[in-house]
1. Going by amide H atoms built from the backbone, whose H comes under 5 Å of the H on V159, apart from near neighbours?
2. Which trypsin sites (Lys or Arg not before Pro) in segment 1-72 sit in a loop by DSSP (not H, G, I, E or B) and have at most 14 other Cβ atoms within 10 Å of their own Cβ?
3. Accessible area per residue for segment 88-155 in Å², computed with a 1.4 Å probe and the full protein assembly in place, what is it?
4. How much of the accessible area of the chain, in percent, comes from carbon and sulfur atoms when a 1.4 Å probe is used?
5. Evaluate 2.2 N^0.38 Å with N set to the residue count of the chain, then give the Cα radius of gyration divided by it.
6. For segment 73-153, which trypsin sites (Lys or Arg not before Pro) are both in a DSSP coil and crowded by at most 10 other Cβ atoms within 10 Å?
7. Output the 0 to 90 degree angle, nearest 10, between the alpha-carbon long axis of helix 111-124 and the longest principal axis computed from the alpha carbons of the chain.
8. Need the list of aspartates and glutamates near K5 for cross-linking: C-alpha distance under 13 angstrom, and skip anything on the same chain fewer than eight residues off.
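The values are calculated or read from the model by the stated rules, or taken from the named source; none is laboratory data. In this text, all values refer to a predicted model and were calculated from it rather than measured experimentally. Ideal geometry is used to build each Cβ from the backbone, glycine not excepted, and the neighbour counts take in all protein chains shown. What goes into the accessible areas is simple: the full protein's heavy atoms, side chains included, and nothing from ligands, DNA or RNA. Shrake-Rupley method; radii C 1.70, N 1.55, O 1.52, S 1.80 Å.
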Amino acid sequence: MILMKDIYKTYGNGVTALNGINVEIEQGEFVYIVGPSGAGKSSFIKLMYREIKPTRGLLRINNRDISEIKEKEVPLLRRNIGVIFQDFRLLPKLSVYENVAFALEVIEESPRNIRKRVMDVLDLVGLKNKSRFFPNELSGGEQQRVSIARAIVNRPKIVIADEPTGNLDPDTSWEIMKVFEEINNSGTTIIMATHSKEIVNTIKKRVIAIEDGLIVRDEQRGDYGYES
Ligand code: ADP
């Protein structure tokens, strides 16, 4: 359902971040993206939610060639893809409830259904009782839970996370991983860039290693493979 064929990405400054990526990821997979800093992991991830466009190559998501879609179609693509960042990126002036509701694409939904959808996802991430709190009243782990709730409230088929545990302590990171596993168990594809050797070596999933803009390893139930 995600297909990359001979994908290259060269930035405006002439740096080539991706150097001929070929990969296929099926619906429902859980994939770690690993590799040294500067290897191209973020570029790989940004392609999938169309933060950047490939310089050349084929990138197909759900049978659509997304390098060819028009700017006005990008919001539609993003509705099917939830994105989670290392630094949470919540809106500081909105409550937990509002941060999640804000992301919900309201398509003729009744206020009652909207409320139910938002409270259901907050329940899933364990934050139902903090819906009225503001981001600065939450721990890092709780803020990341809100950002996960926001990413899944539209029930996307794919969730992409760029070092989601990068700012969290180990205990909190394990809790966040449990949430990701739960989301994956309901059939959602998870693609997660990480530097956590402990997580990759403990919660075994497919591992794609990128170095110098190329996939150098792609293994089911793989190891992290680097010293961290
Ligand atoms: P990683 O996530 O593995 O650290 P990135 O994809 O962020 O790797 O970066 C790969 C290479 O592309 C690096 O050399 C980086 O400096 C360069 N790069 C990333 N983003 C940009 C950008 N917006 N403009 C120019 N060069 C960039």
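1. When sequence neighbours closer than 5 places are left aside, the close amide H contacts are G82, T189, I190, I191.
2. Working: sites: K5, K9, K41, K46, R50, R56, R60, R64, K70, K72; in loops: R50, K70.
Within segment 1-72, the qualifying trypsin sites (Lys or Arg not before Pro) (loop, at most 14 other Cβ atoms within 10 Å) are K70.
3. Details: 3910 Å² over 68 residues.
Per-residue accessible area for segment 88-155 comes out at 57 Å².
4. On the way: 5240 of 11420 Å².
Roughly 46 percent, rounded to a whole number.
5. Numbers: Rg = 17.5 Å, N = 228, 2.2 N^0.38 = 17.3 Å.
Taking N as the residue count of the chain, the ratio is 1.01.
6. Numbers: sites: R78, R79, R89, K93, R112, R115, K116, R117, K128, K130, R132, R145, R150; in loops: R89, K93, R132.
Taking segment 73-153 and a limit of 10 other Cβ atoms within 10 Å, the loop trypsin sites (Lys or Arg not before Pro) found are K93, R132.
7. 60
8. E24, D65
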